[in-house]
Each structure stands twice: as C-alpha cells, then as structure tokens.
C-alpha cells in the first residue's frame, strides 16, 4: 500500500470511528435491521448487496457492508451496533407505499457459519428476516481457498489444506463453543468444506425464526436469471419490484479449473449435504440438476 493509500485508509477509519461515537449518542433514534444477508462466503453476497443498494426502499448500514456485530464484535454494547444504522426518521422517508419505513439491512458472510451468531441474531432481532446465498459447494470451497491464499490466511497447497482442515478447525470450534468470546482465524478462514454444509447452518435459523423468515438465493440462478431471482427476493421482503440498473458480478477470482480428482473427492464429500439441502429447499440444488 502506498503512503497516500495508507493515509486515505486511516482517514476513513477515523471518520467511521467518529461517526460511530456520534451514532451511539443517538442510538435511541436509529433503526435496526429488518433483514440480514448472512452469507455464505464466496457465494455472491457482494453482488446481491450492491443490487439491493439500488432499491429506493432499502437502506444499508452506514459506511460498511457488514458490521460483524454478531460474530467478531459481539463484546460491543447494543448501542454500538445500533450506531451503525440510519436514523429512524431517514428510514421513514424511504418507506414503500403501505409501509411505515424503508427496510434496513447489513451483510456478513460469517454470520451463517459462526457458531454463536445465529443465536445472538435471534435474541437481538427476533423479528428479523434472513437472506442466505448458497453456491455449488465444490466451487465455493475452491473459491474460498484461492481467496484465503491470496490474503495470506492460507499457505498450503489446496490438497494439503483440505487434508488439514479437520485437524485445524475442529479444536478451534470446540474452543469457540466453550468460550463465546474466543475468536479464531483458523475457523473463519480455513474451513473450506465445512462452510458448504448449508442445510445444517440454515436449519438453525428456521428452527429459531420459522421457515417463512428465511429465504435462500442460489448463486447459479442469481447470475443466470437475475431478474427472476431478485423478484423472488423482493417478494419475500414485501418490497415493490424495482430492478437495479444492472446486475454486476463482484470479487471473482478467475483461475485455472479445479483439478478433476480434487473436484471428485469434494463432490463425494458434499453429496449427503446437498441431499440435506434438497430436503430443506424442497427442490434439487441448481448445481445438482442435469442442466445445471
């Protein structure tokens, strides 16, 4: 990073810190999220997030895509979380016809996978709606590996990283379950297969909130049939159908194809988890369909 870039980043951080401090003073006058985009990581959540920003009756958290309150910042006070959102008066001015306020949201790709985040969400926001994105878990695992390797959280070759996953991640999960305050970079950044166990993660939310408050977007369909999938999402959110100017794809990591032998091993691993997702969705996942 250049000196100029570092200064710009520091200035943004200071600006956000000042805004959060002011926001805490006015926390009682700020809206709370109506829905959360909870992940999964590397499934297109940034693309969906940006599409939602174009809707006239949707408001994001101030400054950030995700506040990460329910995963990495859970020790902060509730007022700290509320400080990140627009004033209720602003939300009211963005209301859709027949509603009393525009819908407020934030997005974190870690909420869906963090062992404590769902319970924290449901306790703090019992009326919230949950939006989750899922993707062919084989492709998601490969994309996540490339992402974490590029960021320096992974140093091993792919096959070695997959072989190490259980012995790396299982002890960290046990420690997180025993100590809700413990944060694990290993669990967050090196769980390539486990993040693709979608059904068990989604079931936690439906058990606590009800099936009708959880909506699943399949990435493959969102990127091939964006208008249809986006309309389904807006219906779930009870928002009028307003399309963004375009549906763009953000944060891709193009590379050589995944080795066929590794792909086959991953496909075998995910077979029962895809079957569980099919039961959850009452439909075959898009990547399992013959034409998928």
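Within region 114-125, track down each residue that is surrounded by fewer than 22 Cβ atoms within 10 Å (Cβ to Cβ) and in contact (Cβ under 8 Å) with a residue 40 or more places away in the chain.
115, 116, 119, 120, 122, 124, 125
Of all residues in region 247-263, which are assigned to a loop (DSSP other than H, G, I, E, B) and modelled with pLDDT of 90 or more?
Hits for region 247-263 are 247, 257, 258, 259.
Please give the number of the condition residue 245 fails out of (1) touching a residue at least 40 places away in the same chain (Cβ under 8 Å); (2) touching a helix residue (DSSP H, G or I) at 6+ places or on another chain (Cβ under 6 Å); (3) under 25 Å from residue 46 (Cα atoms).
Of everything listed in (1) touching a residue at least 40 places away in the same chain (Cβ under 8 Å); (2) touching a helix residue (DSSP H, G or I) at 6+ places or on another chain (Cβ under 6 Å); (3) under 25 Å from residue 46 (Cα atoms), residue 245 misses just condition (2).
Please go through region 80-107 and give me each residue that is under 20 Å from the mean Cα position of the chain (by Cα) and either more than 18 Å from residue 127 (Cα to Cα) or assigned to a helix (DSSP H, G or I) (or both), ordered by number.
81, 82, 84, listed by residue number.
Would you be able to say whether some residue in region 217-224 is assigned to a strand (DSSP E or B) and at negative phi?
Yes, there is a match, as at least one residue in region 217-224 is assigned to a strand (DSSP E or B) and at negative phi.
Answer yes or no: is there a residue in region 163-182 that is in contact with a strand residue (DSSP E or B) (Cβ under 9 Å, 6 or more places away or on another chain) and either surrounded by fewer than 20 Cβ atoms within 10 Å (Cβ to Cβ) or at pLDDT 95 or above (or both).
No, region 163-182 has no match at all.
Quick grid of which residues meet (1) touching a strand residue (DSSP E or B) at 6+ places or on another chain (Cβ under 7 Å); (2) over 17 Å from residue 183 (Cα atoms); (3) free of Cβ contacts under 8 Å to residues at least 60 places away in the same chain:
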residue: 82; (1), (2), (3): yes, yes, yes
residue: 87; (1), (2), (3): yes, yes, no
residue: 91; (1), (2), (3): yes, yes, no
residue: 97; (1), (2), (3): no, yes, no
residue: 130; (1), (2), (3): yes, yes, no
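Considering only residues that are more than 21 Å from residue 42 (Cβ to Cβ), touching a residue at least 24 places away in the same chain (Cβ under 8 Å) and part of a helix (DSSP H, G or I), which ones fall in region 177-202?
177
Can you pull out every residue in region 69-79 that is surrounded by fewer than 20 Cβ atoms within 10 Å (Cβ to Cβ) and under 17 Å from the mean Cα position of the chain (by Cα)?
Across region 69-79, the qualifying residues are 72, 73, 74.
Would you tally the residues in region 44-56 being in a loop (DSSP other than H, G, I, E, B) and in contact with a helix residue (DSSP H, G or I) (Cβ under 9 Å, 6 or more places away or on another chain)?
Selection size over region 44-56: 2.
The values are calculated or read from the model by the stated rules, or taken from the named source; none is laboratory data. Note that this is a predicted model, so its numbers are computed, not measured. Neighbour counts run over all protein chains shown; Cβ positions are idealised from the backbone, glycine included.
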